[in-house]
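Accompanying notes for the structure given below.
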Amino acid sequence: MADALILQNVRITRNEALLVAINHSIAAGEVLTVMGPSGVGKSTLLSYVAGTLAPDFEASGMVCLGATDITALPPARRGIGILFQDDLLFPHLSVGSNLAFGLGSGGTRADRRRRIDDALCEIGLKGYANRDPATLSGGQKARVALMRMLLSQPRALLLDEAFSGLDASLRHHIRTLVFDWARRMALPVLMVTHDLEDAEAAGGPVERLATANLSV
Amino acid sequence: MHPLAQRIVAFGAARVSGLSAPSALGLIPALTLLAMLGPVGAGVLGTVLPAFGYLPAAGLSTLSFDPIIALFDWPGLTAAVRLSATTGLVATSLSLGIVTLTLAGWHGTRPFRMLERLLSPLLSVPHAATAFGLAFLVAPSGWLSRLASPLTGWDRPPDLLIVQDRWGLTLTAGMVAKEVPFLLLMTLSALGQADAPRRMRVAQALGYGRITGWLKTVFPAVYAQIRLPVYVVLAYSMSVVDVAIILGPSTPPSLSVQIVQWMSDPDLSRRLTAAAAALLQGALVFAALALWRAMEFVVARLGCLWVERGNRGVADPVLRPLGLVLGLLSALAILAGLLGLAVWSFAGFWAFPDAMPQELSFRNWNRYLPGILTASGTTALIAILATGLALVLVLGCLESEYRSGRGLTQRGLWLIYLPLLVPQTAFLPGLQTLLLSLGADKALWAVVLVHLVFVLPYVFLSLGDPWRAWDRRNGTVAAVLGASFWGVMWRVRLPMLLRPIVTTAAVAFAVSVGQYLPTLLVGGGRVQTLTTEAVALASGGDRRAIGVYAVAQTLAVLLPFILALSLPAIIWRNRRGLHG
């Protein structure tokens, strides 16, 4: 029973200037692509949904997961997963510990370790648990970042230019991987990108944020 | 909904939706400001009242101008005031000149990296140890005259007054040697924001020499960034006490040294004169800062004319080697001085003009070890407490700055520098008088709190940039993965910033270890640290004792730095991403 991610009359302004206005429901397993040139507030929209909007922005409207209003919840309790352009693996933790950071707490030590080993198998990195993330290739890092996010069992997925940092061949591969997992877990996906290719690969509806910076 | 109401609701939602921070965090900036400026304010107040004859602790409660008249009756006043002004202005100009010339001629080259590596650790060497080292080097019976004796034929020390000369030249040289590393490192960190390489590329493409090009294009941008550190050097050089006791003249001494002597006079009425002199010292520093500011305008105007003339730099071939020589000289002076201290600490019989003692042994160390151990314990206790408090307060401030999204303003930066700009001798006597009337002088906690005043600015300056440079998206990732506010802090942010944090802790520790006047005055002479013990030995002239204490003092600041370098290297030995 997967839920939709609903953005109801979301408006984000800064110093009275409108940055983002969006009203959309993203069904489970569907990808909504938000496009626009850089600097129009695409990432700001994701911050608002994730619950980490900087205090100098003003925002209104509701963010719901199914019937649950998550607008006022702290980021840790929203059940939102996010992937950035950079992998942002924590450099002080091993690959396994990065995954353990994402895995919900509970379970015995052995049990948790087994789940992490399984997760590593899933992304083709069997036996990488003790590796330093800095020694991984770009594609490997991207897969670990994806798996770390999935292990936190999110109910929706945000992609913030998630594929922009990868070179062309890798880009296609990681994009397919992420979309496959999202479909498999029936996650609603909100993707912001400036790249038309990403939007085409997603196959879902596209919103364009070209009308930003109009005064209210 | 009414637009305003809508905005309020929206704003509330934005607030709630942010990572919720513990509410106590909001109090920390106020608390830090109080810890930093409270003692300064109280001290200035405690100086002004006695300067006009009001000192209830000594049974004096009638306001009068008598203390000020007594001060002006002191025959040494003119010399003391002149000494304060010349030491400050000359030492600051020379330090800034050396740093500028070295950077202009050599920044980005291999010799410069070598010099930088030499100077960086010297930044933490306490003022007193630097001064003793220099004294052992240049004194008539010092190392330099011993090494020169085969040429000069000296078989006993020449009859010259080099150390403690009445013009304060050695004192000035000591301050220059100590302040060059400080200004150099402050300038280096400012250079990062000045876009120096591109400015230089343009200048050199237009045919300008290295130094002329640097002075015309990079220096103006850099100076705007290092103005406050330069002011700190000026204020500090004018009012320094420990270096002046060791290297400065004694009859009459510099104004600040005289203030301390009056403060420790058993005759309590002398404190009134001391307070009046402290006010004068404050006014002098203020006047010198105003003069410096005025000179900035003059130099800027002349600089513009110079730029418009379009000279490409004929003097560069001469200035370039000069800059490197001067930079090296100031580094070598400190290093050779430290080496001299170390040799004296192990020296047995050492006749003039022998370059080395006849025997080296641990005898001196054995003799002074009990005293060293006691003083080290007190030193470490005070330094650890001051460092810990400063780290907690500054981390709290930075975190609350990060939450509120408001960066450090120019006014905030002035507040951070304020405790370093008000001369110590202008407010510490008043603070001691105040604590005396509260019965809290001689207390260890009071010493810790006054050290905190001087430690906090350096912790702010050292930790601020790396803290702000941390990629906030790491925090977002951790938060959406389920980490709480403290979880993000302890599991992600602090471990990732381990290196700057332990380096900052070492800086803070070194600042605390080096404090002489605050320890002496607020501790009422009862709190004995390595620094107060070392400076107290200055008048006795026992070089072996001084050597032992000065080396111990230097080790006390170097060991934390070694720890700060090795700790992250060991803890993160398998984490390449944390070794920038």
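Looking at (1) aromatic (Phe, Trp, Tyr); (2) assigned to a helix (DSSP H, G or I); (3) more than 28 Å from residue A:4 (Cα to Cα), which one does residue A:90 not meet, given that it meets all the others?
The single condition residue A:90 does not satisfy is (2).
Out of the residues in the range A:96-134 meeting the condition of being within 11 Å of chain B (Cβ to nearest Cβ) and buried (at least 19 other Cβ atoms within 10 Å of the Cβ), tell me which one is farthest from residue A:160 (Cα to Cα). Don't jump to the end; show me each part of the working.
At the first step, the residues of the range A:96-134 found to be within 11 Å of chain B (Cβ to nearest Cβ) are A:97-105, A:130-134.
If we keep only those that are buried (at least 19 other Cβ atoms within 10 Å of the Cβ) too, we end up with A:98-103, A:132-133.
Values: A:98: 20, A:99: 20, A:100: 23, A:101: 21, A:102: 18, A:103: 21, A:132: 25, A:133: 21 Å.
Among those residues, the one meeting the criterion is A:132.
Is the range B:347-359 home to any residue that is surrounded by 19 or more Cβ atoms within 10 Å (Cβ to Cβ) and at pLDDT below 95?
Of all residues in the range B:347-359, those surrounded by 19 or more Cβ atoms within 10 Å (Cβ to Cβ) come to B:347.
With the extra rule that they be at pLDDT below 95, the set shrinks to B:347.
Yes - at least one qualifying residue is present in the range B:347-359.
Test residue A:47 against the criterion of being surrounded by fewer than 20 Cβ atoms within 10 Å (Cβ to Cβ), small (Gly, Ala, Ser) and facing chain B (nearest Cβ under 10 Å), and give yes or no.
Working: surrounded by fewer than 20 Cβ atoms within 10 Å (Cβ to Cβ): no; small (Gly, Ala, Ser): yes; facing chain B (nearest Cβ under 10 Å): yes.
Here the answer is no, as residue A:47 does not meet what is asked.
Looking at the range B:67-96, which of its residues are touching a residue at least 24 places away in the same chain (Cβ under 8 Å) and under 26 Å from residue B:318 (Cβ atoms)?
B:89, B:90, B:91, B:92, B:94, B:95, B:96
Which condition breaks for residue B:568 when tested against (1) buried (at least 17 other Cβ atoms within 10 Å of the Cβ); (2) away from every other protein chain (no Cβ under 14 Å)?
(2)
Report whether or not residue B:281 is in contact with a Pro (Cβ under 7 Å, 6 or more places away or on another chain) and either acidic (Asp, Glu) or part of a helix (DSSP H, G or I) (or both). Please lay out each step first, then the result.
Details: in contact with a Pro (Cβ under 7 Å, 6 or more places away or on another chain): yes; either acidic (Asp, Glu) or part of a helix (DSSP H, G or I) (or both): yes.
Yes: the conditions hold for residue B:281.
Among (1) surrounded by fewer than 16 Cβ atoms within 10 Å (Cβ to Cβ); (2) under 30 Å from residue A:165 (Cβ atoms); (3) more than 16 Å from the chain's Cα centre (by Cα), where does residue A:23 come up short?
(2)
Quick one: count up the residues across the range B:351-372 that are part of a loop (DSSP other than H, G, I, E, B), closer than 26 Å to residue B:556 by Cβ and small (Gly, Ala, Ser).
Result for the range B:351-372: 1.
Regarding the range A:5-15, can at least one residue be identified that is within 13 Å of chain B (Cβ to nearest Cβ) and aliphatic (A, V, I, L, M)?
So far as the range A:5-15 goes, yes, one or more of its residues are within 13 Å of chain B (Cβ to nearest Cβ) and aliphatic (A, V, I, L, M).
Being out of contact with any Asp or Glu (no Cβ under 9 Å at 6 or more places or on another chain) and in contact (Cβ under 8 Å) with a residue 24 or more places away in the chain, is that true of even one residue in the range A:61-73?
Filtering the range A:61-73 down to residues out of contact with any Asp or Glu (no Cβ under 9 Å at 6 or more places or on another chain) leaves A:61, A:69-73.
Among the residues that remain, those that are also in contact (Cβ under 8 Å) with a residue 24 or more places away in the chain are: A:61.
Yes: one or more hits.
Which numbered condition in (1) out of contact with any Lys or Arg (no Cβ under 8 Å at 6 or more places or on another chain); (2) within 14 Å of chain B (Cβ to nearest Cβ); (3) polar (S, T, N, Q) is the only one that residue A:23 fails?
Unmet for residue A:23, out of (1) out of contact with any Lys or Arg (no Cβ under 8 Å at 6 or more places or on another chain); (2) within 14 Å of chain B (Cβ to nearest Cβ); (3) polar (S, T, N, Q): (2).
What number of residues within the range A:63-86 are closer than 23 Å to residue A:186 by Cα, at the interface with chain B (Cβ under 10 Å from one of its Cβ atoms) and not hydroxyl-bearing (Ser, Thr, Tyr)? Outline the logic, then answer.
Taking the range A:63-86 and keeping what is closer than 23 Å to residue A:186 by Cα, we get A:63-71, A:73, A:75-85.
Those still in the list that are at the interface with chain B (Cβ under 10 Å from one of its Cβ atoms) too: A:63, A:70-71, A:73, A:75-85.
Okay, now just the ones that are also not hydroxyl-bearing (Ser, Thr, Tyr), so A:63, A:70, A:73, A:75-85.
Within the range A:63-86, residues that are closer than 23 Å to residue A:186 by Cα, at the interface with chain B (Cβ under 10 Å from one of its Cβ atoms) and not hydroxyl-bearing (Ser, Thr, Tyr) number 14.
Within the range B:278-321, track down each residue that is surrounded by 17 or more Cβ atoms within 10 Å (Cβ to Cβ) and farther than 27 Å from residue B:422 by Cα.
B:313, B:316, B:319, B:320 - these are the residues of the range B:278-321 that are surrounded by 17 or more Cβ atoms within 10 Å (Cβ to Cβ) and farther than 27 Å from residue B:422 by Cα.
Quick one: in the range B:479-517, of everything that is outside any helix (DSSP H, G or I) and under 28 Å from the mean Cα position of the chain (by Cα), which residue is surrounded by the fewest Cβ atoms within 10 Å (Cβ to Cβ)? Break it down stepwise before answering.
Filtering the range B:479-517 for residues outside any helix (DSSP H, G or I) gives B:481-484, B:497, B:515-516.
Going one step further and asking which of them are under 28 Å from the mean Cα position of the chain (by Cα), we end up with B:497, B:515-516.
On the way: B:497: 20, B:515: 27, B:516: 23.
Checked the range B:479-517; the qualifying residue surrounded by the fewest Cβ atoms within 10 Å (Cβ to Cβ) is B:497.
Within the range A:54-62, can one find any residue that is modelled with pLDDT of 90 or more, out of contact with any Lys or Arg (no Cβ under 8 Å at 6 or more places or on another chain) and within 10 Å of another protein chain (Cβ to nearest Cβ)?
The answer is yes, given that some residue of the range A:54-62 is modelled with pLDDT of 90 or more, out of contact with any Lys or Arg (no Cβ under 8 Å at 6 or more places or on another chain) and within 10 Å of another protein chain (Cβ to nearest Cβ).
Return the pairs, sorted by first residue and then second, in which the second residue is part of a helix (DSSP H, G or I) and not β-branched (Val, Ile, Thr), the first residue lies in the range A:109-138 and is touching a residue at least 24 places away in the same chain (Cβ under 8 Å) and more than 15 Å from residue A:94 (Cβ to Cβ), the beta carbons are less than 7 Å apart, and the residues are 6+ apart or on different chains.
Filtered contacts from the range A:109-138: A:122/A:147; A:123/A:143; A:123/A:147; A:138/A:170.
Scan the range B:194-218 and report the pairs whose first residue is surrounded by fewer than 18 Cβ atoms within 10 Å (Cβ to Cβ) and whose second residue is of a type outside the set (Val, Ile, Thr) and assigned to a helix (DSSP H, G or I), with Cβ atoms within less than 6 Å and a gap of 6+ or a chain change.
Listed pairs, sorted by first residue: B:204/B:213.
With A:4, A:76 as the choices, which residue is without any contact (Cβ under 8 Å) to a residue 12 or more places away in the chain, of a type outside the set (Ser, Thr, Tyr) and surrounded by fewer than 23 Cβ atoms within 10 Å (Cβ to Cβ)? Even if it seems obvious, please write down each step before you answer.
Working: A:4 fails: without any contact (Cβ under 8 Å) to a residue 12 or more places away in the chain.
Of A:4, A:76, the one residue that is without any contact (Cβ under 8 Å) to a residue 12 or more places away in the chain, of a type outside the set (Ser, Thr, Tyr) and surrounded by fewer than 23 Cβ atoms within 10 Å (Cβ to Cβ) is A:76.
Can you confirm whether the range B:409-416 contains a residue that is part of a helix (DSSP H, G or I), surrounded by 21 or more Cβ atoms within 10 Å (Cβ to Cβ) and more than 14 Å from chain A (Cβ to nearest Cβ)? Give the steps one after another, and end with the answer.
Restricting attention to the range B:409-416, the residues satisfying the condition of being part of a helix (DSSP H, G or I) are B:410-416.
Of the ones still in play, those that are also surrounded by 21 or more Cβ atoms within 10 Å (Cβ to Cβ) are B:416.
Right, trim to more than 14 Å from chain A (Cβ to nearest Cβ) and you get B:416.
Within the range B:409-416, one or more residues are part of a helix (DSSP H, G or I), surrounded by 21 or more Cβ atoms within 10 Å (Cβ to Cβ) and more than 14 Å from chain A (Cβ to nearest Cβ).
This table checks each residue for (1) assigned by TED's automatic domain parsing to the domain that holds residue B:379; (2) farther than 20 Å from residue B:373 by Cβ; (3) surrounded by fewer than 20 Cβ atoms within 10 Å (Cβ to Cβ); (4) among the charged types (D, E, K, R).
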| site | (1), (2), (3), (4) |
| --- | --- |
| B:537 | yes, no, no, no |
| B:543 | yes, yes, no, yes |
| B:548 | yes, no, no, no |
| B:553 | yes, no, no, no |
| B:556 | yes, no, no, no |
| B:564 | yes, yes, no, no |
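If residue A:30 satisfies all but one of (1) of a type in the set (D, E, K, R); (2) more than 17 Å from the chain's Cα centre (by Cα); (3) closer than 24 Å to residue A:201 by Cα, what's the number of the condition it fails?
(2)
Just to be sure before I move on: is residue A:137 surrounded by fewer than 18 Cβ atoms within 10 Å (Cβ to Cβ), within 24 Å of residue B:572 (Cβ to Cβ) and of a type in the set (Ser, Thr, Tyr) in the structure I sent? Write out each step before concluding.
Numbers: surrounded by fewer than 18 Cβ atoms within 10 Å (Cβ to Cβ): yes; within 24 Å of residue B:572 (Cβ to Cβ): yes; of a type in the set (Ser, Thr, Tyr): yes.
It is true that residue A:137 is surrounded by fewer than 18 Cβ atoms within 10 Å (Cβ to Cβ), within 24 Å of residue B:572 (Cβ to Cβ) and of a type in the set (Ser, Thr, Tyr).
From the residues in the range B:466-478 that are within 13 Å of chain A (Cβ to nearest Cβ) and assigned to a helix (DSSP H, G or I), which one is surrounded by the most Cβ atoms within 10 Å (Cβ to Cβ)? Before the answer, list the steps.
Going residue by residue through the range B:466-478, those that are within 13 Å of chain A (Cβ to nearest Cβ) are B:470-478.
From what is left, the residues that are assigned to a helix (DSSP H, G or I) are B:472-478.
Values: B:472: 12, B:473: 17, B:474: 19, B:475: 21, B:476: 22, B:477: 32, B:478: 24.
Result: B:477.
The values are calculated or read from the model by the stated rules, or taken from the named source; none is laboratory data. Keep in mind the model is a prediction, meaning the values are calculated, not measured. Here the Cβ is made from the backbone with ideal geometry for all residues, glycine too, and neighbour counts use every protein chain on show.
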